[in-house]
Amino acid sequence: MKGHRRLILVLCVALVGCGTILAYAAGPNKTSREFREQFIKNFRRTGMDTTISDAMMLRILVESARCKRGIEVGSYKGFGAINMGIGFERTGGHLFTLEIDPRRVKDCRENLKTVGLEKTVTCIEGDALKTLATLQGEFDFVFIDAVKQDYFRYFKLIEPKLKPGAVIVADNVIRSAGAMKDFLDYIQKSPNYDTVIIRASLEKRDGMSISYKIK
């Protein structure tokens, strides 16, 4: 009897060991909160990437407004897209992120795949002034962070696609206010939008405009 118990114990230990080996071989759980937050923490950001606080603010905006279809103009390496993508995954939505630089498109797609968001976020290669016209349907979230003097041009291409209640965020609106004066004048004075300029992060000594489409 003791021999049977010993055999059963050995088999159980072996099975647990095999399970551990298989789990390790399968790699990390890309969709786990722990894995993603560690990836975000260790992300090698540069001055071109969205700051950590700003990226979290974007994620919270997506989640709190229960946004379903979003556009990001200016992907870079995908740091902002990952954070927004987590929000869109939770709402059951989808984000289209647009990037002109082929090398950055590759980086962005690889980073999205690393955290298991490649089905939630689509990175589109090309000049946003051309690719925006290819996006069909309505959208309820926009983040603009590309060529500053073209903000108004981007927005006018997006505006007809916006649903009432849409949230529009534009980056670098303090330090680059002069370059995007036409955009800021429009979004702040139009009766169709409520707009505020905030600083979610002091890292770049800059800020974002957040607008709500009334009608």
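The numbers here are math on the coordinates, done by the rules we state, and not lab data. All of these numbers come straight from a predicted model, not from anything done at the bench. FYI the Cβ positions are ideal-geometry reconstructions off the backbone, even for glycines, and counts take in every protein chain you see.
Some notes on this structure:
- Using 0.36 nm per residue and subtracting the Cα-Cα separation, the extra length available between Asp194 and Glu118 on full extension is 24.1 nm.
- Charge tally for Glu63 (other residues, Cβ to Cβ under 11 Å; Lys, Arg +1; Asp, Glu -1): +2.
- If only the Cβ of Lys and Arg carry +1 and only the Cβ of Asp and Glu carry -1, the dipole of region 101-215 around its Cα centre is close to 60 debye.
- In the chain, the longest principal axis of the Cα atoms and the axis of helix 52-64 are about 90 degrees apart.
- Distance violations [Cα-Cα > 25 Å] among Lys30/Lys106; Lys77/Lys204; Lys41/Lys213; Lys119/Lys204; Lys77/Lys163: Lys41/Lys213; Lys119/Lys204; Lys77/Lys163
- Value of Rg to Rh for region 108-197, rounded to two decimals, is 0.99; Kirkwood radius and Rg both from alpha-carbon coordinates.
- Relative contact order (%) - the chain, alpha-carbon pairs under 8 angstrom, separation at least six: 16
- With the Kirkwood sum run over all distinct C-alpha pairs, the chain has a hydrodynamic radius of 18.7 Å.
- The label point for Ile60 and the one for Arg175, both projected 7 Å from the Cα toward the Cβ, are 2.2 nm apart.
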